[in-house]
1. Would you check if residue 144 is within 16 Å of the ligand (Cβ to nearest atom), under 15 Å from residue 236 (Cα atoms), surrounded by 18 or more Cβ atoms within 10 Å (Cβ to Cβ) and under 21 Å from the mean Cα position of the chain (by Cα)?
2. Can you name every residue in region 285-306 that is without any contact (Cβ under 8 Å) to a residue 40 or more places away in the chain and in a helix (DSSP H, G or I)?
3. Would you mind stating whether residue 261 is among the aliphatic types (A, V, I, L, M) and either part of a loop (DSSP other than H, G, I, E, B) or outside the structural domain of residue 310 (by TED's automatic domain parsing) (or both)?
4. Which residues, counting only those in region 147-187, are within 29 Å of residue 358 (Cβ to Cβ) and free of Cβ contacts under 8 Å to residues at least 12 places away in the same chain?
5. Answer yes if at least one residue in region 133-140 is at pLDDT 95 or above, within 16 Å of the ligand (Cβ to nearest atom), more than 21 Å from residue 218 (Cβ to Cβ) and part of a loop (DSSP other than H, G, I, E, B), and no otherwise.
6. For region 188-216, give me the residue count where each residue is within 12 Å of the ligand (Cβ to nearest atom) and either among the basic types (Lys, Arg) or without any contact (Cβ under 8 Å) to a residue 12 or more places away in the chain (or both).
7. Return a yes/no flag: does region 177-188 have any residue that is part of a loop (DSSP other than H, G, I, E, B) and either of a type in the set (Ser, Thr, Tyr) or assigned by TED's automatic domain parsing to the domain that holds residue 275 (or both).
8. Can you confirm whether residue 118 is outside any loop (DSSP other than H, G, I, E, B), touching a residue at least 12 places away in the same chain (Cβ under 8 Å), more than 16 Å from the ligand (Cβ to nearest atom) and assigned by TED's automatic domain parsing to the domain that holds residue 237?
Amino acid sequence: VDLPPREADLVARRQALLGPAYRLFYERPLHIVRGEGVWLYDADGTAYLDAYNNVASLGHCHPRVVEAVARQAGQLATHTRYLHEGVLELAERLLATLPPELGHAMFTCTGSEANDLALRLAFAATGGTGVIVTENAYHGVTMGVAALSPSLGPGVPLGAHVRTVPAPDPDKGTDATFGAAVAAAAADLARHGIRPAALILDTVFSSDGVFTHPTDTLAPAAAAIRAAGGLFIADEVQPGFGRTGEAMWGFLRHGVVPDMVSMGKPMGNGYPVAALALRPELAERFGAGARYFNTFGGNAVAAAAALAVLDTLAAEGLQAHALKVGGQFRADLSALSARDPRLGAVRGAGLFLGVEVLEPESRAPDAGMAARIVNGLREARVLISATGPHGHVLKIRPPLVFSDANAAFFLERFESVLSASR
Ligand code: PMP
């Protein structure tokens with residue numbers, strides 16, 4: 001790829017310094033130096049419409065979060081072994097958004113750590129070690145959760161204690177059988193002498209290809225794992241904090257109460273802060289035999305960032321905004337899909353959208369075309385990515401402040417990229 005000298009040099013230095021495990025987005029990687037609202041700016045000042053970022057969910061560098069972080073960083077920024085109001089106010093405010101059964105919050109710095117902690121708690125509470133996930137799940141980077149993240153590929157083998165179930169895809173009928181599949185996976189674990197400990201699900205099945213509907217699949221799955229002696233963990237790292245428009249948390253759309261809920265990414269709008277909410281009784285066995293200390297988890301600056309995020313979500317009505325803008329955007333994408341045989345199902349809720357890219361005759365997944373669209377849009381200064389086991393589902397997940405005008409801009413560029421790649 002022909003990169004300008006400065007960017008070519010950055011790529012070479014990354015390879016030399018960070019090694020081969022890292023992947024950059026896009027054939028021509030971006031060198032982003034500034035963000036504001038839904039826009040990212042490269043080193044030359046070129047603006048890109050960010051239609052992918054769920055970290056900067058309130059918009060990049062939201063002034064309210066920036067101010068809260070700066071103020072707290074100038075006052076106290078240290079480890080978490082002193083009394084401090086911030087973490088408690090955050091716990092109260094977060095727990096108030098969750099069902100009353102979830103009475104404790106524990107803080108971490110990343111979603112991976114939150115899921116890892118959830119696993120440790122589940123193992124301690126159930127005495128089991130068996131875990132059930134979806135076929136292309138991603139739950140994080142630690143040794144514990146990488147072993148239950150099949151989307152990392154064959155180089156990261158699943159643990160012997162892990163079983164997978166197909167994501168609830170209504171086009172394949174696996175939505176109707178989802179609970180039964182969980183029950184069968186739990187039975188298979190038991191048959192191998194492994195006691196089931198947990199079912200852990202991303203409640204929008206993002207890495208499986210975005211399956212937001214129907215919303216009656218989680219309850220039977222939770223019932224099945226509980227019947228087998230395990231716990232239900234909702235991974236809200238992707239759908240949480242109002243993104244689906246319909247609810248603050250993805251599991252609420254399914255009318256089910258998890259035993260634990262992990263969250264992260266948009267929680268600090270760019271500041272690393274994550275958490276696990278749980279039923280208090282689950283911590284009893286764990287807390288009795290072990291102590292938990294996370295140096296930075298729930299530190300004063302993290303708490304200030306997360307509180308500012310909760311304030312801003314409410315003050316700007318972003319969940320309702322995501323529902324409204326996302327609903328129209330999805331309808332417009334569906335209309336486009338109906339006109340273009342290379343596009344298939346358009347799925348999603350609020351501002352979490354997935355668009356299938358298919359080979360027109362066979363209707364088979366077309367990852368090559370999806371990659372051409374993603375890279376074409378990047379050249380047209382619109383940023384998205386692709387997901388799913390075949391990499392053929394366009395993943396459109398902009399900051400929640402995305403407007404109707406931003407959606408119109410997106411659609412115009414999308415159509416021109418599609419016509420240019422005929
Ligand atoms: N769970 C899900 C569903 C995720 O998408 C991610 C991050 N992509 C994680 C967990 C891990 O979060 P983190 O990268 O903050 O460790």
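1. No: the conditions fail for residue 144.
2. The answer is 287, 288.
3. On the way: among the aliphatic types (A, V, I, L, M): yes; either part of a loop (DSSP other than H, G, I, E, B) or outside the structural domain of residue 310 (by TED's automatic domain parsing) (or both): no.
When the stated conditions are applied, residue 261 does not pass them.
4. Correct list: 153, 154, 155, 156, 158, 172, 173, 174, 176, 177.
5. Taking region 133-140 and keeping what is at pLDDT 95 or above, we get 133-140.
Checking which are within 16 Å of the ligand (Cβ to nearest atom) leaves us with 133-140.
Then keep just the ones that are more than 21 Å from residue 218 (Cβ to Cβ); that gives none.
No: region 133-140 contains no residue that is at pLDDT 95 or above, within 16 Å of the ligand (Cβ to nearest atom), more than 21 Å from residue 218 (Cβ to Cβ) and part of a loop (DSSP other than H, G, I, E, B).
6. 0
7. Step one: list which residues in region 177-188 are part of a loop (DSSP other than H, G, I, E, B), which gives 177.
Keeping just the survivors that are either of a type in the set (Ser, Thr, Tyr) or assigned by TED's automatic domain parsing to the domain that holds residue 275 (or both) gives 177.
Yes; the residues of region 177-188 include at least one that is part of a loop (DSSP other than H, G, I, E, B) and either of a type in the set (Ser, Thr, Tyr) or assigned by TED's automatic domain parsing to the domain that holds residue 275 (or both).
8. On the way: outside any loop (DSSP other than H, G, I, E, B): yes; touching a residue at least 12 places away in the same chain (Cβ under 8 Å): yes; more than 16 Å from the ligand (Cβ to nearest atom): no; assigned by TED's automatic domain parsing to the domain that holds residue 237: yes.
No, not satisfied.
The values are calculated or read from the model by the stated rules, or taken from the named source; none is laboratory data. As the structure is a computational prediction, the values presented were derived from the model and not from experiment. Cβ: placed from backbone, ideal geometry, glycine included. Neighbour counts: every protein chain shown.
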